[in-house]
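Below is one structure, written out as structure tokens; comments come after it.
The values are calculated or read from the model by the stated rules, or taken from the named source; none is laboratory data. Values in this document were obtained by computation on a predicted structure and should not be read as measured data. Don't worry about glycine lacking a Cβ; one is built from the backbone with ideal geometry, like all the others, and counts go over all protein chains shown.
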Amino acid sequence: MGKEVTFISEDANEEVRFLGSVSGARLGGGSDKIGTIRIQEYSETFHVVRNKITKLTFDYHLTPIEMFKARKAIKTLHGSRGLLFGWDSWSDEENPKWVDEDFVFQTETGPITFYPGFVFEDHNDSETTVKDQTKARFVIEGDDLHFQSEKAKVEEALEIFLRIISFLEGRFTGWFYCDVNATGKSGKGFVSEIFKRVRVFEYQRNNHVDRHCGSYAELLPKIVDRYQKLLAPIKNQLGRAMIQMRIATRPDQPVDTELIYWHSSLDILVKCLLDVAGKEERPKGFSRKLVVACESKGIEWTDLFPYLKKEEIFSDDIKADFSITRFRNNMIHEGIYPSEEEVPEFMEENARACALVERMVMSILGLEYRGTPIGVFRMLH
């Protein structure tokens, strides 16, 4: 179960490829074995001319991303360009210049460009619906490019950017369709369509990201660079924490389930920060460890939790705890879940945890969160 499966069928001009995993199996009478494969990715490639490929263009369709969505642009019709997304720069009225809206970042594989695009849906009544679609593009050039190996490198680079975007925006992001155009010296090569299974959630618009979209887009490549330079053990822990964060912010998540995932994120990051800080004696109790982890790296926490005092947390008589820990322990160990009256308090504690988690992640990356929109307390819903 879970075994990865690749199926390829090809002839002189066309190739079909399935990538999936075994999701079920049953044994029939005799020696019959029937397996069920869950298809994760499907691609169809049509070769015009089989020759050495010198240029590969990958256009990925992405799930919604806020930092590239809050734009000044408008849809407009242009006599020679058709339907466009962007705006005219009228600083020179005699020679107006069309300004494209895109965000270009450098990767080891080559530049990646995030840009606004369109998809067109045709209807039976000859009408067409035009929808916005954020896209990402890679253009790779070389003397003799191998499609599958270049595709693997491109998708690895894209995945890292999407992982950091997910952290910044608090949402699952991914790609679900890719259009590939490959050409050789003659200008001909092949075209390929790749479809990927991805779960899409209906998130509410994030007003915080909307207000600070420029800052987020500016911070993105810096965070990606620091993330890539982390040592593998730290990167793995940080990746685990980011997964818990994304689950915590899933839409329609009950506040009690959300709180458990935020606590899990904090727990992972506390261990990560304490490992980085050194091997001095560790305090007992989650709240004490959280304070030591934050203060060892200069991370502010008192502004987020004004109801707590450090001396009370470390007092053997009072033993004060973060509310998120108290709520979590009550649910897991006592089976006590929030009443209707307690929901606002849970929501506020989740928001505090979100801000602190962001500060801790930035600290692990060696970046300053102060003066940025990251780590700012704001209600999540």
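Say we look at region 175-201 and pick out the residues that are modelled with pLDDT under 95 and within 15 Å of the chain's Cα centre (by Cα); which of these is nearest to V16 (Cα to Cα)? Ranking the candidates gives V198 first.
Residue-by-condition table, conditions (1) loosely packed, with under 12 Cβ neighbours inside 10 Å; (2) among the charged types (D, E, K, R); (3) in contact with a His (Cβ under 8 Å, 6 or more places away or on another chain); (4) assigned by TED's automatic domain parsing to the domain that holds H146:
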residue	(1), (2), (3), (4)
F7	no, no, no, no
E10	yes, yes, no, no
E14	no, yes, yes, no
R17	no, yes, no, no
G20	no, no, no, no
R26	yes, yes, no, no
G35	no, no, no, no
Q40	no, no, no, no
K55	no, yes, no, yes
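Within region 238-261, the set of residues being polar (S, T, N, Q) and in contact (Cβ under 8 Å) with a residue 12 or more places away in the chain comprises Q244, T249.
There is no residue in region 178-197 that is under 29 Å from L269 (Cα atoms), of a type outside the set (G, A, S) and not assigned by TED's automatic domain parsing to the domain that holds R359. When R226, R205, R211, R171 are checked against the criterion of being basic (K, R) and either within 13 Å of the chain's Cα centre (by Cα) or on the phi > 0 side of the Ramachandran plot (or both), a single residue qualifies: R171. Could you say whether any residue in region 249-261 is assigned by TED's automatic domain parsing to the domain that holds E348, assigned to a loop (DSSP other than H, G, I, E, B), at pLDDT below 95 and under 18 Å from I374 (Cα atoms)? Yes: one or more hits.
Of everything in region 320-352 that is assigned to a loop (DSSP other than H, G, I, E, B) and in contact (Cβ under 8 Å) with a residue 12 or more places away in the chain, the residue that is surrounded by the fewest Cβ atoms within 10 Å (Cβ to Cβ) is Y337. Only one of (1) of a type outside the set (D, E); (2) free of Cβ contacts under 8 Å to residues at least 12 places away in the same chain; (3) surrounded by 16 or more Cβ atoms within 10 Å (Cβ to Cβ) fails for G214. Which number is that? Tallying (1) of a type outside the set (D, E); (2) free of Cβ contacts under 8 Å to residues at least 12 places away in the same chain; (3) surrounded by 16 or more Cβ atoms within 10 Å (Cβ to Cβ), G214 fails exactly one: (3).
Looking only at residues of region 116-158 that are free of Cβ contacts under 8 Å to residues at least 24 places away in the same chain and in a strand (DSSP E or B), we find that the one that is nearest to P64 (Cα to Cα) is K131. Of T45, T76, all but one fail to be loosely packed, with under 15 Cβ neighbours inside 10 Å, in a strand (DSSP E or B) and either touching a strand residue (DSSP E or B) at 6+ places or on another chain (Cβ under 9 Å) or modelled with pLDDT of 65 or more (or both); the exception is T76.
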